[in-house]
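First the structure, in the form of structure tokens, and then the observations on it.
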Amino acid sequence: MDKQSINANELNKRVIETDIAIIGSGAGGGVSAEIFAKAGFKVLLIEEGPYLTGRDFKMQEQDAYPMLYQESAGRKTKDKAINILQGRNVGGSTTVNWTTSFRTPEKTLLHWQEEFGLENLSSETMEPWFEKMENRLNISPWQIPANNNNQAIKDGAKELGWTSGLISRNVKGCANLGYCGLGCPLNAKQSMLVTCIPEAKKFGATVLYQAKVDSLLVDKDRVTGARVIPVGVNSKVNSKVPIVIKAKHTILSAGAIGSAAVLLRSKVPDPHQNVGKRTFLHPVVASSAIMPKLVNGHAGAPQSIYSDEFLWPKNDKSVGFKIEAAPLHPSLVSTVLFEFGQEHFDLMRKFQNLQASLALLRDGFSKESLGGSVYLDDYSNPKLDYTMTDYLWNGARKALMAMAEMQFAAGAKQVLPIHKDAKPYTGWSQAEKAIKGLDMAALKTMVFSAHVMGGNAMGADEKLAVVDPKGKFLHLDGLHIFDGSIFPTSIGANPQLSIYGLVAKLATELANELRTKR
């Protein structure tokens with residue numbers, strides 16, 4: 001590793017001074033690091049996870065999940081009912097996501113303007129920032145033909161007269177391997193790991209990794225840095241002797257859950273008890289199908305086709321959802337199928353003919369969908385208390401029905417909704433009747449999420465917000481939050497491009513402001 005990449009466990013000095021300390025190296029932290037470094041600031045990027053590169057990615061699930069994900073890809077909500085996939089490495093979730101890139105939907109931005117006073121986030125205002133990051137990260141619609149896993153969505157939607165479209169991906173020189181979630185061995189994925197972070201280092205930025213931020217340093221009404229603890233590759237504490245980071249300005253980009261945890265451990269002023277509240281997940285439900293021809297859902301771009309047919313319901317107030325494909329790898333698939341014994345074995349024997357679709361529920365747009373709350377356990381580790389309301393369960397049922405209908409329209413021989421009480425169904429009418437009768441409840445319906453947002457909401461009203469419209473923490477100086485935790489609701493689409501665009505805007509404005517003062 002080069003001199004600008006330092007393992008906290010190998011650091012001799014216990015005090016580091018910098019202009020800008022950035023906590024977290026994912027979408028928010030990586031973009032911020034490049035912008036501030038290019039603006040001439042001394043930047044220190046702090047990451048809890050290990051620093052790995054393409055040569056470390058072996059396309060093996062047994063290695064990738066414990067190495068690259070929070071809690072070995074086993075992070076769950078308080079009730080254990082929702083599995084949460086989040087990255088924990090230099091590059092954060094951008095290193096392990098499926099490359100799916102959408103701009104923030106215009107209706108989402110309009111909702112934020114109307115409900116949270118974010119007039120600076122109109123689609124016209126955000127257009128140049130999305131375009132800037134699309135150019136920077138080579139984001140464009142995927143032109144290679146979809147694999148059969150994604151093609152089923154296009155075929156089913158076309159048969160039913162539903163809308164569908166091509167997904168944009170942040171890749172360059174992609175070999176269409178299909179193992180994006182395990183880290184790209186070719187460095188084709190244009191994650192923070194291979195784009196903004198290396199560029200920031202060219203301009204003098206330093207990466208301190210395997211460094212867990214225990215708390216912020218606060219002097220009177222100003223954040224002056226952070227207290228860091230060296231950890232192993234599994235995030236277990238290796239040393240009780242802290243590293244003190246002294247910074248003129250601090251950027252918190254540890255992501256939803258992570259950023260709230262740092263604020264809670266730091267006991268920052270929070271007069272309205274908003275920190276960690278309204279944390280959203282895009283709860284995801286899934287449906288599997290046995291197709292008459294080989295699918296091989298492990299090969300090819302994980303997600304290249306989507307349908308927004310139900311994202312913004314026109315005739316009712318139910319929660320909207322986005323339909324996408326779920327990439328299929330043996331270990332991951334085997335853990336989400338509820339069957340046991342011979343039934344499970346029979347399904348896995350049909351693995352190559354398995355198609356999987358998922359639906360992302362667009363939560364946070366209704367008083368019946370208020371998200372969850374981040375809190376600290378007895379060991380000061382973050383946990384998420386997130387309860388699926390009847391409003392969300394009703395949306396989940398509609399999503400399971402829509403996916404089943406679509407899969408049969410695409411030619412499925414059998415459809416199996418991922419629910420404990422569901423069985424393989426051989427026709428749409430049979431599946432429709434069965435799904436209507438399913439008990440939609442925690443631990444019966446399989447729910448997971450790879451999109452964690454909110455918890456430190458941006459807004460014009462400090463009674464509802466944690467940061468102002470510029471991302472500044474409302475109750476202390478010297479601290480901004482630049483990541484998905486400042487979204488006041490979920491996005492209604494995969495959030496990485498939304499984070500890239502918003503953070504590019506906010507970080508550029510702050511860099512200009514600080515440079516003027518300096």
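Taking 0.36 nm per residue of separation and subtracting the current Cα-Cα distance, fully stretching the chain between Gln4 and Glu124 would add 39.4 nm.
Length available on full extension from Gln60 to Asp390: 0.36 nm per residue minus the Cα-Cα distance, which gives 115.0 nm. Distance between the 7 Å Cα→Cβ label points at Arg349 and Ser429: 3.1 nm. Annotation for Asn315 and Ser239: the two label points, set 7 Å from Cα along the Cα-Cβ direction, are 6.5 nm apart. Dividing the Cα radius of gyration of the range 479-518 by 2.2 N^0.38 Å, with N the residue count, gives 1.35.
Among (i) 138; (ii) 158; (iii) 186, which one is volume of the Cα convex hull per residue in Å³ computed from these coordinates? The calculated read-out lines up with (i). Give me the percent of Cα-Cα pairs in the range 1-93 that sit more than 22 Å apart, rounded to a whole number. Considering the range 1-93, 40 percent of its Cα-Cα pairs are separated by more than 22 Å. Heavy-atom accessible area, probed at 1.4 angstrom with all protein chains present, ranks Val374, Val194 as Val194, Val374, highest first. Per-atom-type breakdown for the chain gives carbon and sulfur 50% of the accessible area (1.4 Å probe, protein chains only).
By the rule of a C-alpha distance below 17 Å, with chain neighbours fewer than 8 residues away ignored, the lysines paired with Lys350 are Lys293, Lys413, Lys423. Distance from the alpha carbon centroid of the range 32-60 to that of the range 236-282 works out to 19 angstrom.
What separates the Cα centres of the range 132-195 and the range 447-466 is a distance of 27 Å. Between the Cα long axis of helix 123-136 and the first principal axis of the chain there is an angle of about 90°, rounded to the nearest 10. Looking at the chain, the accessible area is 40 square angstrom per residue; that uses a 1.4 Å probe and ignores ligands, DNA and RNA. Measuring with a 1.4 angstrom probe and ignoring ligands and nucleic acids, Tyr391 comes out at about 30 Å² accessible. Taking each DSSP H run with n ≥ 4 as -39500 (n - 2.57) and averaging over every residue of the chain yields -8500 deg cm²/dmol at 222 nm. In the assembled protein chains, Phe473 presents an accessible area of approximately 0 Å² (probe radius 1.4 Å). Note on Glu509: accessible area approximately 70 square angstrom, rounded to 10, probe 1.4 Å, nucleic acids and ligands left out. 3J(HN,Hα) along the range 433-441: 4, 5, 5, 4, x, 5, 7, 7, 8 Hz, from the Karplus curve 6.51 cos²θ - 1.76 cosθ + 1.60 with θ = phi - 60°, whole Hz, x for Gly and Pro.
The values are calculated or read from the model by the stated rules, or taken from the named source; none is laboratory data. The structure displayed is predicted, hence computed values, not measured ones. With ideal geometry, Cβ positions are generated from the backbone for all residues, glycine too; neighbour counts draw on all protein chains shown. Surface areas here come from the heavy atoms of the whole protein model, side chains and all, with no ligands, DNA or RNA. Shrake-Rupley method; radii C 1.70, N 1.55, O 1.52, S 1.80 Å.
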